[in-house]
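Written out below as structure tokens is the structure these notes cover.
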Amino acid sequence: MKYISKIIITNIILVLIAASIIIMTMMLLKLKSTETSLTHSLTQKFMVSSEHKLNDFFETVGRAILVEKERKQQTSYLNMSEVQVVDYFMPVLKNYPQISSIGIANEKSYEIDLFSDGAEVFTRKVDLKINDNVAQFSQWKKEGDSLYTIKSWENPLIKLPSERDWHTNAMKKLYDNEVTWTTPYIFNTNSEIGLTASIGWEDIYTNEITILAYDVTLTNLTNFTKEIKVTPNSMTFIVSESLDYIALPNNNVVKNPKEALLKSVHQVNIPAVAHAFNHWEESKALLTQTFKYTSNNKTWWASIKPFHLNESSVMYVGTVIPQQDIIEISNDTRYYIVGGFCILFILLLFVLYYSFQNKKINYLLKRKHGEISKINKNIQEKSKEVKDSIQYAKRIQSAILTSKEEVTTNLKNSLLIYLPKDIVAGDFYWHKQKDNLVFYAVADCTGHGVPAAMISVICNHALNTCVNDFGLTNPGEILDKAREIVIEAFNNQVNSIQDGMDISLCVLDKNDIEKDGFYSSLQWAGANSPLWLIRPIKDNESELFEYKPNKQPVGKTLNPTPFTTNTISLQKEDSLFIFSDGFSDQFGGKKGKKFMSKQFKEFLLSINNLSMETQKELILEKFRDWKGDNEQVDDVCIIGVRI
């Protein structure tokens, strides 16, 4: 199924690559005929962007003046003092950098203008009722909340308020709630080119007419046209309705750009723009189209579009692009197409080669698959045989070990924990009852798994032989004799091994119960495995006594010595623990370290006041929590008996 899917995917890739090559070839052949479309696309994208930016520039002022009209329509600026007007409009000049001055006027006789040079604020006030041929000027300064004049002076009145274009425009649209715009002109206040937005309204109660005007500086528009380039050598410009420059293109021929503003495109030495308008004026049908023309024996493309501030005010935005720039862009596009064609062709060859190699590999894999399947089948069969053998070995080991039920029946109030690392274990527990004596032990044979399990069978047999056949009851003597049996079992003239077991062996006498009511003494011997006795001192406090074993195994060793039998006096509620090293050696916890004997002692002391059944559950829970996701490192075997 996977093989069929790969074939389908490969064929789909081949079809797609072939289709892409055909499409790119058609594009390459058609590229020559798309020169006009490319130019149109470039200029239209520019026009849309320019229109958005101009709208942002002028609509900000238009919205601001409309908002101000709505705010003050119910009251009158004309009733405000000069200082109140300055204080009110200073934030407007600060927040709108394109607004250079603000004018307020009534129908005929009164006007106050507010303008700034950046550092200081000035006012110009005309009141024909007081003086009909003087304009009063004042310079203002604000410190904290205080606003005061620095100086005042008078100049002759040049033009009446009602004669200003912005005043006339606003009066014409007085009842239309429409912002009017003047044609561009040079401001008297700062000698910058700009135009004025104005709006007028009539007070509904007093019939008093108010005109509000904002002077908008157009200097930033020249920066706008200089920065925008449709192509590397294109030129962008903005002209008035009378075709006078409002914003100049980025052209090094114009030495003094400021003097060129408000001059006709035919008066300023930028031939490419002037010739574009010559061609444009011949056919106004080209107004919204991209057209081709010649300037100084070079071919150019141009696009000119009107931008309406309102019905009566319009300006034109345009761009001119040399034919050479279009050719270079076309060439770049052609190079990209050719490069893409080459890449796709190489990719096609690669896919074809890959397809051929894939078929060859699939054929070889198919041959190998049969061989591998046979090998896997043999491995699975052998693995099953080994697993079955180990499971049978577990049954044999379980049959040899004393049942857990028998241990807990003969050792009242005890716990037994047996956790093999593998299916079979090297650790084992041993229990025997003979006459009045109760024997129990925990043994740890060399290693773990199947080899250790084989050793455990021999060691278990050695202990049974010592008690049953030789009638030994002293734990030290039992370990001495068991050592002889183990060494003899592992010793022959050809091969000799030194494996054996560590063991902790306890012997209790039931006669103590008949005499004292509990086991009052214990005989114990150990081979590399200690005995811990935990004795309660007072409520919830206990003390642990450790009995050291002989430092030798039950098995072949250098300088063997007889095992020591320890006779230990017991008290009621004493707890006896014998164990293998699997619990203490387990890796785990937050840092992945061994549990260690010290921590095991502290844990047993902390739970000694609980029943043996509860202690067993807590020991198992502690082991699982400590081990976590780590692998169990060894067999675990623990016997605890409470006297």
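The values are calculated or read from the model by the stated rules, or taken from the named source; none is laboratory data. From a predicted model like this one, the values you see are computed outputs, not experimental measurements. Using ideal geometry, Cβ is built from the backbone for each residue, glycine included, and neighbour counts are taken over all protein chains shown. In case anyone asks, the SASA skips ligands and DNA or RNA and just uses the protein heavy atoms, side chains included. Shrake-Rupley method; radii C 1.70, N 1.55, O 1.52, S 1.80 Å.
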- Task: On the protein heavy atoms, probe 1.4 angstrom, tell me the percent of accessible surface of the chain carried by carbon and sulfur.
- Result: 53 percent
- Task: Determine, for each peptide in 458-465, 537-544, 593-600, the mean count of other beta carbons within 10 angstrom over its residues, then list the peptides with the highest first.
- Result: 458-465, 593-600, 537-544
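Give the accessible surface of region 543-643 per residue, rounded to a whole number of Å², with probe radius 1.4 Å and ligands, DNA and RNA excluded. Kindly include the intermediate steps, with their values, before the conclusion.
On the way: 5450 Å² over 101 residues.
Per-residue accessible area for region 543-643 comes out at 54 Å².
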- Query: Near LYS481, which aspartates and glutamates are there with a Cα under 15 Å away, not counting those fewer than 8 places off in the same chain?
  - Reply: ASP469, ASP502
- Once every Cα of region 151-261 carries one equal point scatterer and solvent is ignored, give the base-10 log of I(q)/I(0) from the Debye formula at q = 0.11, 0.24 Å⁻¹, two decimals. -0.51, -1.28
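Averaging the inverse of every distinct alpha carbon separation and then flipping it gives the Kirkwood radius. What is it for region 103-152, in angstrom units? Walk me through the intermediate numbers first.
Details: mean 1/r = 0.0842 Å⁻¹.
Answer for region 103-152: a Kirkwood hydrodynamic radius of 11.9 Å.
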- Among the lysines, select those whose C-alpha is under 19 Å from the C-alpha of LYS292, and discard any that sit fewer than 8 residues away in the same chain. LYS32, LYS45, LYS229, LYS284, LYS305
- Taking only Cα atoms of region 537-589, the Rg to Rh ratio with Kirkwood Rh works out at 1.06
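Tell me which DSSP H helices of the chain clear both cut-offs, 24 Å or more of axial length from alpha-carbon atoms and a mean Kyte-Doolittle hydropathy of at least 1.6.
On the way: long enough: 2-30 (42 Å, 1.87); 35-72 (55 Å, -0.55); 323-400 (102 Å, -0.23); 449-468 (28 Å, 1.02).
In the chain, the long hydrophobic H runs are 2-30.
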- Item | Radius 10 Å from Cβ of TYR110, net charge of other residues (Lys, Arg +1; Asp, Glu -1) | 0
- Once every Cα of the chain carries one equal point scatterer and solvent is ignored, give the base-10 log of I(q)/I(0) from the Debye formula at q = 0.05, 0.09, 0.10 Å⁻¹, two decimals. -0.63, -0.86, -1.00
- Query: So how strong a dipole does the chain carry about its Cα centre when Lys and Arg Cβ are +1 and Asp and Glu Cβ are -1, to the nearest 20 debye?
  - Reply: 2820 debye
- Which value, in Å², gives the accessible area per residue of region 83-125 when a 1.4 Å probe is used on the protein heavy atoms? 42 Å²
- Query: Quick one: what do you get for region 446-602 if you divide its Cα Rg by 2.2 N^0.38 Å?
  - Reply: 1.19
- Task: Calculate I(q)/I(0) for region 225-279 by the Debye formula, one identical point scatterer on each C-alpha and no solvent, and give its log10 at q = 0.20 Å⁻¹ to two decimals.
- Result: -0.66
- Note on the structure: Square roots of five times the C-alpha gyration tensor eigenvalues of region 369-447, ordered largest first and given in whole Å, equal 40, 11, 10
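Which order do the peptides 468-476, 272-280 come out in when sorted by mean C-beta neighbours inside 10 angstrom, highest first? Could the numbers behind the result be given before it?
Details: 468-476: 15.3, 272-280: 20.3.
Sorting 468-476, 272-280 by mean packing, highest first, produces 272-280, 468-476.
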- Rg/Rh of region 487-557 (Cα atoms, Kirkwood Rh), to two decimals, equals 1.20
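Quick check: net charge around PHE428, other residues with Cβ under 15 Å of its Cβ, Lys/Arg +1 and Asp/Glu -1? Present the calculation step by step, with values, prior to reporting the outcome.
Working: positive: LYS394, ARG395, LYS404, LYS421, LYS432; negative: GLU406, ASP422, ASP427, ASP444, ASP499, ASP502, ASP581, ASP634, ASP635.
Value of the local net charge: -4.
In whole Å and largest first, what semi-axes does the C-alpha gyration tensor of region 185-330 yield when each eigenvalue is scaled by 5 and square-rooted?
On the way: eigenvalues 242, 59, 32 Å².
Gyration-tensor ellipsoid for region 185-330: 35, 17, 13 Å.
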- Item | Cα pair distances of region 361-515 binned at 10 Å [whole percent] | 9, 31, 27, 14, 9, 6, 3, 1, 0
- If N is the residue count of region 119-208, its Cα Rg over 2.2 N^0.38 Å rounds to 1.31
